[in-house]
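Please treat every number below as a calculation from the coordinates, not as lab data. Everything quoted here is computed from the prediction, not taken from an experiment. Note that each Cβ is placed from the backbone with ideal geometry, even for glycine, and that neighbours are counted across all protein chains shown.
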Amino acid sequence: MVRGPRTIQIVVVCVLVAGVIVGLGTAWLAGLAPSFSRAASSLATLALLCAAGWSLMLAGAGTVWRHGPRPRGVAFLAAGFCWLISEWVNPISAPASIFTLGLLLGNAWPAPLAHAVLDEGRTTGSRRARRLVLAVAYITSLGLLGVLPTLAFDPVTSRCSLCPDNLLTLASDPGLVATATRLGLALQAAWVSAALALIVLGLVRASAIELRRTAAVQVPAAIALAAAGLAGVYSIPRGLVSNDPVDTALWFVAALAAVAVGAGEAAGWLRRRQTRQRVARLALELAAAPAAGELAPALGRELGDPTFEVLYPLDDGRLVDATGVVRMVPADANRRTTDVRRGGAPVALLLHRADLAYDAERMTDAVDAARLALENERLHAQSQARLIELRESRTQIVSAADAERRRLERDLHDGSQQRLLAFAIDLAIARQRAARATSATADREVAALELEVKAALEDLRELAHGIIPRSLADDGLGAALEELAERSKIPMDLVTLPTGRLDRAVEAAAYILVARATGDAAVRRASIDASVDRGWLIVDLGLATGGAIVGSTLRDLEDRCGAVDGIMEIGALPDGRTRIRAEIPCVS
């Protein structure tokens, strides 16, 4: 069953109330028999006893409250309870159930504390090493130092006249109790050393931002674990943890470190809260007076990253900055990306230093606070990108028109104009010769001139290829495409052609699209399928090519299709041909 946030909050409150009760009960038991307690020498030490346990429980409760029952929060709670329960191994404990629970969990608090610290997972060694250390920790703390001694300990045969009954005694075996305790203490020293090595390794490898986030908790937790490990080593010869001056001193170190762990967690919450407040104020300012490009530097200042960037996705998958300029994600090992989504749809892509990825809570708080500003800037960036595309499209159309005009001028000057000029000269010469030549000679010269006229006409037809033909204006798109196929230098297969008339602009756009696509130098064969479906003219071209189609041709086709609110897609057919599909809204 999935518990909602309110249920989790109620559970956390109940756990804290239980912790307060357990802490007060522990202080009362320690005060009943001060000679058997390490924390009963004064009211200050009793307060330290409770403060250490409550600090760990508050650290766990805050984590569970914010993130749900994750291992880190639950482990802190367990460590706090076990710390308080460690004082229940008290001969004056009553009833017997409390004394028995103290025997079971009296030495268990280091294991969940190590679990809470090593659960960070990103800088504290490999996952396999952490799992091995924690497995040994729990087996040692709960098994060798808890279950085995408890099952073999009988207060009566052990001559503990003040001790309550052990409710879990199976058989009295003092030798087994001593052996299990010594082995457990030795293993505790070993796994604590391994845990400390993982923590130190993580701190050495951590970046500056990770140290600020984790050191306030990991360092005091490492001190508390080190004190527990030293206490274990010191207690191995006698086979039990006692309350002599060395034990008491190590207990004080561990207690102060446990309080520092709770303070470190609280400092982290305060820092994140301050970050949220600063970013929230910034977001309100930006939302009130948005300016393109201001959000990324502002977030970078709050997160301590001057290289912070924000990119926004377009519908076609490209990324643009706040000014609408297309950007690529840099391939830089020192930078990472974070997706911002709303309802599963991408809103923005954050580019930041790699170490910021290890402070996910701070990043999340900053993004949540600036979400409104991100949405506003995303809309602005997308509109700017469309304006840039429109300007580029207009520029391309003007450039294409200029290039086409220059081509026509060049072809007229170098081709048909030169032929007609030569024809005029030849005609003048023929007229002079005809006056004095024989009839047969005149016939030959006239025949030659006819050939020149036909060649000039052929040049004009070649020049007219690609220009809107007269058949398009007179008979419509179907007839114009049939004429195009007849004149084409490559084979064209006409699959379906429209029979009715369409809007002149639609017919012209479709004709030019087919003529430009099939006229590309890379095209070897083409199939044309043009039909009208529910108010849309659909032109489907299959092009067999001997290479890549020129990029300028494709851009020109997209521009001409977009000029009449059409949509063009470029893909591949199963037989390897290039497919160009255009859908143009039409008026029939």
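Pull out a ≥ b ≥ c, the square roots of the eigenvalues of the alpha-carbon gyration tensor of segment 502-581, then state rounded if a/c is under 1.5, prolate if not and a/b is larger than b/c, and oblate in the remaining case. Cα axes put segment 502-581 in the prolate bin. Remark: segment 495-500, residue by residue, has Karplus-estimated 3J(HN,Hα) of 7, 9, 10, x, 9, x Hz, where x stands for each Gly or Pro and the curve is 6.51 cos²θ - 1.76 cosθ + 1.60 at θ = phi - 60°. Stokes-Einstein diffusion for segment 5-273 at 4 °C, viscosity 1.567 mPa s, with a Kirkwood radius from C-alpha pairs, works out to 69 µm²/s. As a ratio to 2.2 N^0.38 Å, the alpha-carbon radius of gyration computed for segment 193-349 takes the value 1.58. Calculated FRET efficiency, VAL204 to VAL233, Cβ-Cβ distance, R0 = 30 Å: about 0.75 to the nearest 0.05.
When you filter the trypsin sites (Lys or Arg not before Pro) in segment 197-281 for DSSP loop state and at most 16 other Cβ atoms inside 10 Å of their Cβ, you are left with ARG238.
Select from segment 516-556 those trypsin sites (Lys or Arg not before Pro) which occupy a DSSP coil region and have at most 15 other Cβ atoms within 10 Å, ordered by residue number.
Numbers: sites: ARG516, ARG524, ARG525, ARG534, ARG555; in loops: ARG534.
The qualifying sites are ARG534.
Size of segment 481-543 from its Cα atoms: along the principal axes, largest to smallest, the extents are 32, 20, 18 Å. Here's the picture: a label point sits 7 Å out from the Cα of VAL329 along the beta-carbon direction, and within segment 344-380 the residues with their amide nitrogen under 11 Å of it are 349-352. Calculated FRET efficiency, GLU483 to SER126, Cβ-Cβ distance, R0 = 56 Å: about 0.15 to the nearest 0.05.
Give me the percent of Cα-Cα pairs in segment 292-386 that sit more than 15 Å apart, rounded to a whole number. Tail fraction, whole percent: 57. Label separation (CYS14 vs ARG341): 3.4 nm, computed from points 7 Å beyond Cα along the C-beta direction. Counted residue by residue at 0.36 nm each, then reduced by the alpha carbon distance between them, the extension gain from GLU569 to ALA215 reaches 122.0 nm.
For segment 159-168, the Karplus equation 6.51 cos²θ - 1.76 cosθ + 1.60, evaluated at θ = phi - 60°, returns couplings of 6, 9, 5, 8, 6, x, 5, 8, 6, 10 Hz by residue, with Gly and Pro reported as x.
Spacing of the modelled spin labels on ARG579 and ARG278, each 7 Å from Cα toward Cβ, amounts to 5.4 nm.
Cβ crowding within 10 Å, taken as a proxy for footprinting-reagent exposure, orders SER141, SER235, SER242 from fewest neighbours to most as SER242, SER235, SER141.
The phi-based Karplus calculation (6.51 cos²θ - 1.76 cosθ + 1.60; θ = phi - 60°) puts the 3J(HN,Hα) values of segment 537-547 at 8, 10, 10, 10, 10, x, 10, 8, 10, x, x Hz, whole numbers, x for Gly and Pro.
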